[in-house]
């Protein structure tokens with residue numbers, strides 16, 4: 001796998017608690033993405049970043065926030081976790097349009113909200 | 001808005017037969033198109049991409065895909081399926097727009113099952 005590390009890999013949390021997932025890359029790629037994967041929905045984009053402190057919403061951004069203070073780290077925060085946010089979360093990275101355009105994925109974080 | 005459709009939730013093929021996994025897309029402008037594969041409990045692995053040029057692109061593990069602009073399709077193909085090809089396959093699109101709008105959108109996935 002490309003140099004992408006997601007942490008934690010598994011987490012169980014209670015409804016209403018805040019949760020932060022971390023994505024760390026060693027590839028110095030410009031773009032970073034957070035997706036969630038749910039049966040029947042494929043991968044849906046939550047938020048993405050096109051540079052340090054430059055982020056934008058994806059198609060399912062409600063209830064999530066992100067931050068990117070360094071090139072290598074992209075954090076996804078669930079401000080108040082709900083059962084509907086139980087999912088597998090994937091981080092991905094890619095270079096800009098000037099270079100390689102495909103994304104490379106981390107191993108995923110399985111989050112269960114009880 | 002850009003979107004990707006994979007009309008088949010599951011495709012079943014006998015080993016040794018050719019396989020096709022379908023994908024259609026909707027974007028404004030010319031797209032970058034991708035296929036990814038996911039094995040159980042793993043992240044997605046890049047298979048191949050179309051950027052420009054030859055409409056038939058070749059990728060990993062003997063897979064290829066055909067870009068058809070008039071039908072806005074990018075179907076994944078393999079001449080002879082292997083049992084080890086059984087996995088979940090995703091089509092994706094990225095727009096060739098100014099950098100800050102360059103999202104990558106995925107289809108819902110197609111489960112490919114190859115029987116011996």
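Just so it is clear, none of the values below were taken in a lab; they were calculated from the coordinates. Computed from a predicted model, the values in this text were never measured in an experiment. Using ideal geometry, Cβ is built from the backbone for each residue, glycine included, and neighbour counts are taken over all protein chains shown.
Just name the residue that is farthest from the chain's Cα centre (by Cα) out of those in the stretch A:16-59 that are at the interface with chain B (Cβ under 8 Å from one of its Cβ atoms) and free of Cβ contacts under 8 Å to residues at least 12 places away in the same chain.
A:40
Got a sec? Which strands (runs of 3 or more DSSP E) wholly within the stretch A:17-114 have at least 3 residues that are more than 22 Å from residue B:108 (Cβ to Cβ)?
So the answer is A:19-25, A:42-51, A:54-57, A:64-70, A:73-78.
Tell me yes or no: at least one residue of the stretch A:5-15 is closer than 19 Å to residue B:45 by Cα, part of a strand (DSSP E or B) and within 11 Å of chain B (Cβ to nearest Cβ).
yes
For the stretch A:76-87, enumerate the residues that are in contact (Cβ under 8 Å) with a residue 40 or more places away in the chain and surrounded by fewer than 18 Cβ atoms within 10 Å (Cβ to Cβ).
A:77, A:79, A:80, A:82, A:83
Name the residue that is farthest from the other protein chains (Cβ to nearest Cβ), counting only residues in the stretch B:34-47 that are in contact (Cβ under 8 Å) with a residue 24 or more places away in the chain, farther than 11 Å from residue B:107 by Cα and surrounded by 14 or more Cβ atoms within 10 Å (Cβ to Cβ).
If we take residues in the stretch B:34-47 being in contact (Cβ under 8 Å) with a residue 24 or more places away in the chain, farther than 11 Å from residue B:107 by Cα and surrounded by 14 or more Cβ atoms within 10 Å (Cβ to Cβ), then B:37 is farthest from the other protein chains (Cβ to nearest Cβ).
Return a yes/no flag: does the stretch A:100-110 have any residue that is within 17 Å of residue B:46 (Cα to Cα), in contact (Cβ under 8 Å) with a residue 60 or more places away in the chain, under 12 Å from the mean Cα position of the chain (by Cα) and surrounded by fewer than 19 Cβ atoms within 10 Å (Cβ to Cβ).
yes
Hey, among B:76, B:88, which residue is over 23 Å from residue A:106 (Cα atoms) and either surrounded by 12 or more Cβ atoms within 10 Å (Cβ to Cβ) or within 14 Å of chain A (Cβ to nearest Cβ) (or both)?
Matching residue, one of B:76, B:88: B:76.
Looking at (1) more than 14 Å from chain A (Cβ to nearest Cβ); (2) surrounded by fewer than 18 Cβ atoms within 10 Å (Cβ to Cβ); (3) in a strand (DSSP E or B), which is the one condition that is false for residue B:111?
(1)
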